[in-house]
Amino acid sequence: MNLEQKIYKKLLEVPKGQITTYGDLAKAVGLKNGQRVVGKIMNKNPYPVIVPCHRVVMSTGKIGGYAYGENIKTKLLTDEGIEIQNGKILDLKNRIYRF
């Protein structure tokens, strides 16, 4: 299994209504300081929504980028019950999924 597959498989653990950060996802697959690598892999996700890359956000609570635009990412997250204001996740600490 290559790195992309490991990351996508790990991301499948994050349920609707919860999110993870680029850094936490990197650590979960054994990458130290791999948040940028995870971001690049999320951008190339061949199965968006099925592999829920929209659930990966910045550690600051900002939603971060999305290959289909931040407006689409915001809609996907809010449809899952995540509140967002000014591009940031509200109640971030209670929405983080712990691997």
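The values are calculated or read from the model by the stated rules, or taken from the named source; none is laboratory data. Bear in mind that the values here come from a model prediction, so they are computed numbers and not experimental data. Here the Cβ positions follow ideal geometry from the backbone for every residue, glycine too, while neighbour counts run over all protein chains shown.
A few notes on this one:
- Residue within the range 31-43 that is modelled with pLDDT under 95 and among the β-branched types (V, I, T) present: no
- Residue list for the range 59-97, restricted to those being part of a helix (DSSP H, G or I) and either more than 13 Å from the chain's Cα centre (by Cα) or acidic (D, E) (or both): E70, N71, I72, K75, T78, D79, K93, N94
- Filtered residues of the range 57-76 (kept if on the phi < 0 side of the Ramachandran plot and in contact with a strand residue (DSSP E or B) (Cβ under 6 Å, 6 or more places away or on another chain)): V57, S59, K62, I63, T74
- Within the range 45-77, restricting attention to residues that are in contact (Cβ under 8 Å) with a residue 40 or more places away in the chain and not basic (K, R), the residue that is nearest to K9 (Cα to Cα) is V51.
- Neighbours by Cβ (under 6 Å, 6+ apart or cross-chain): first from the range 16-36, under 15 Å from I89 (Cβ atoms); second of a type in the set (F, W, Y): Q18/Y97; T20/Y97
- Restricting the range 37-72 to residues that are surrounded by fewer than 20 Cβ atoms within 10 Å (Cβ to Cβ) and among the basic types (K, R), the residue that is nearest to N94 (Cα to Cα): K62
- The range 8-55: number of residues that are of a type in the set (F, W, Y) and assigned to a loop (DSSP other than H, G, I, E, B): 1
- The residue of the range 1-58 that is farthest from the chain's Cα centre (by Cα), among those that are over 21 Å from G87 (Cβ atoms) and of a type in the set (S, T, Y), is Y47.
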